[in-house]
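Below is one structure, written out as structure tokens; the observations come after it.
The values are calculated or read from the model by the stated rules, or taken from the named source; none is laboratory data. Model, not experiment: these values are computed from the prediction. Cβ atoms come from the backbone with ideal geometry, glycine included; neighbour counts cover every protein chain shown.
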Amino acid sequence: MPIGPGEQDVRRLQLTGGATYTLSLPKPWISANNLASRDSIRIDWRSSGELMLSPLDESEERKTEIEINLGGLPIGALYDHLMGAYISGVQEIVIKSKTNLTRKTRNEIRRFLRSTRGFEIGEEDDSSTRLISLLNAGELPLSASLNRMYLLLSSLVRDIIESLQGADSELISDHDEREREVDGLQYLIERQVGSMLSSSQIVKSLGISRKQGVEYANLARSLERMMDHADQLARLTIDSESIPNLSAQKMPLSALPIWLDSIKTLMINLRERDTHQIENARNSLKTAQLELEKHEESLWSGRRKAAPLLFEDRLSESIRRLCAYARDFGEILLNMLAYDSIRRY
């Protein structure tokens with residue numbers, strides 16, 4: 001019985017001419033890829049020892065399309081389905097309705113376009129919209145997106161420190177825009193890594209293995225979670241009617257320079273991969289976490305007013321979570337270091 005996608009088969013090697021080994025290929029696979037006798041096939045020899053076969057003229061991204069019928073969606077679910085389609089790696093998204101698209105639907109489409117990278121409206125009429133990707137998944141290095149995420153995150157934290165020490169809070173008034181940009185870069189990395197899993201050409205274009213790609217996605221997720229807490233710190237700073245006078249040399253503010261130094265070291269070691277530097281940074285973050293926990297436990301033991309105590313407690317908690325996610329970032333780097341060190345026979 002012929003095999004289909006997702007199924008397995010066992011075939012025997014044959015020795016031809018005393019020096020060449022041949023292997024027959026499943027006919028359904030030949031037909032699905034429009035191949036014929038004497039056509040060329042690319043052989044991708046992976047580091048794991050596996051071979052991946054693909055047509056030689058296969059483009060970097062096969063043109064894929066998904067159709068979203070609004071009549072079959074729960075109310076308010078369009079944005080989530082658009083994001084799912086985006087991360088899955090499709091090149092075109094068609095949104096259709098039996099009636100005219102409402103203003104709310106068009107707002108959700110615009111929100112999706114603001115949250116992602118590379119998609120634009122290709123065609124549009126009263127009852128449908130076609131979104132087209134203009135960005136090739138293999139064009140932008142994952143490390144460039146990670147570095148941009150880091151710069152947005154670290155600059156916001158530095159601006160928060162200045163605001164907490166008396167600078168005008170206008171300095172962090174754009175915190176939500178920076179947070180949205182980090183979200184968009186994380187979604188882009190998720191999309192690229194998803195495309196890597198199905199295309200050896202994109203793997204080649206990005207210059208990293210599939211395993212590394214998955215770890216890059218994990219790193220991006222850690223940075224995005226840190227940005228969530230930096231955004232909370234910015235909101236807390238802006239929304240508070242009066243900010244308590246906190247010393248930069250004492251907890252919780254004294255933990256922020258430790259976090260900044262540690263995350264900078266970890267980002268450098270995305271390239272350098274120095275296990276000692278990574279572990280030192282993670283140990284510094286762990287010490288800061290423990291000190292922040294003790295600080296939070298001690299806050300409510302005195303007779304200070306509730307409002308400044310609550311502000312300081314929330315501030316300390318968000319900084320502690322920044323440290324926790326930065327430690328996760330370092331752990332992922334160690335996982336990547338261990339994987340790269342594996343000797344294969």
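Tyr216 falls short on exactly one of the conditions (1) within 17 Å of Ile319 (Cβ to Cβ); (2) assigned to a helix (DSSP H, G or I), and that condition is (1).
Just one of the listed residues (Gln232, Gln186, Gln192) is in contact (Cβ under 8 Å) with a residue 24 or more places away in the chain and surrounded by fewer than 20 Cβ atoms within 10 Å (Cβ to Cβ), namely Gln232. Out of the residues in segment 155-194 that are touching a Leu at 6+ places or on another chain (Cβ under 9 Å) and polar (S, T, N, Q), state the one that is farthest from Ala137 (Cα to Cα). The qualifying residue farthest from Ala137 (Cα to Cα) is Gln165.
Residues being in contact (Cβ under 8 Å) with a residue 12 or more places away in the chain, closer than 18 Å to Ser88 by Cα, of a type in the set (A, V, I, L, M) and in the same structural domain as Met83 (by TED's automatic domain parsing) are represented in segment 106-116 by at least one member.
So is Ile109 over 27 Å from Val193 (Cα atoms) and touching a Ser or Thr at 6+ places or on another chain (Cβ under 7 Å) or not? Spelling it out, it is not the case that Ile109 is over 27 Å from Val193 (Cα atoms) and touching a Ser or Thr at 6+ places or on another chain (Cβ under 7 Å). Only one of the numbered conditions (1) outside any loop (DSSP other than H, G, I, E, B); (2) surrounded by fewer than 17 Cβ atoms within 10 Å (Cβ to Cβ); (3) out of contact with any Lys or Arg (no Cβ under 8 Å at 6 or more places or on another chain) is violated by Gly302, and that is (1). Residues in segment 265-284: is at least one at positive phi and touching a residue at least 24 places away in the same chain (Cβ under 8 Å)? Yes, there is a match, as at least one residue in segment 265-284 is at positive phi and touching a residue at least 24 places away in the same chain (Cβ under 8 Å). Output yes when any residue across segment 239-251 is assigned to a helix (DSSP H, G or I), free of Cβ contacts under 8 Å to residues at least 60 places away in the same chain, more than 19 Å from Gln165 (Cα to Cα) and not β-branched (Val, Ile, Thr), and no when none is. No, there is no match, as no residue in segment 239-251 is assigned to a helix (DSSP H, G or I), free of Cβ contacts under 8 Å to residues at least 60 places away in the same chain, more than 19 Å from Gln165 (Cα to Cα) and not β-branched (Val, Ile, Thr).
Condition first: at pLDDT 95 or above, polar (S, T, N, Q) and part of a loop (DSSP other than H, G, I, E, B). Can you find one or more residues in segment 173-193 that meet it? For segment 173-193, residues at pLDDT 95 or above, polar (S, T, N, Q) and part of a loop (DSSP other than H, G, I, E, B): present. Listed by first and then second residue, the pairs with beta-carbon distance under 6 Å, at least 6 apart or on different chains, first residue in segment 86-97 and polar (S, T, N, Q), second in a loop (DSSP other than H, G, I, E, B), are Gln91/Lys63; Gln91/Thr64; Ser97/Ser127. Of all residues in segment 111-152, those satisfying the criterion of being closer than 30 Å to Ile75 by Cα and assigned to a helix (DSSP H, G or I) are Arg111, Phe112, Leu113, Arg114, Ser115. Just one of the listed residues (Ala255, Ala288, Ala248) is over 22 Å from the mean Cα position of the chain (by Cα) and at pLDDT below 95, namely Ala248. Scanning segment 75-110 for residues that are surrounded by 14 or more Cβ atoms within 10 Å (Cβ to Cβ), in a helix (DSSP H, G or I) and under 19 Å from the mean Cα position of the chain (by Cα) gives Tyr79, His81, Leu82, Met83, Ala85, Tyr86, Ile87, Ser88. With respect to being modelled with pLDDT under 95 and either within 18 Å of Asp231 (Cα to Cα) or under 22 Å from the mean Cα position of the chain (by Cα) (or both), Gly166 falls outside the description.
Considering segment 117-141, the residues that are out of contact with any Gly (no Cβ under 6 Å at 6 or more places or on another chain) and among the β-branched types (Val, Ile, Thr) include one that is nearest to Ile202 (Cα to Cα), namely Ile121.
Of all residues in segment 271-286, those satisfying the criterion of being crowded, with 20+ Cβ neighbours inside 10 Å and closer than 13 Å to Leu334 by Cβ are Ile278, Ala281, Arg282.
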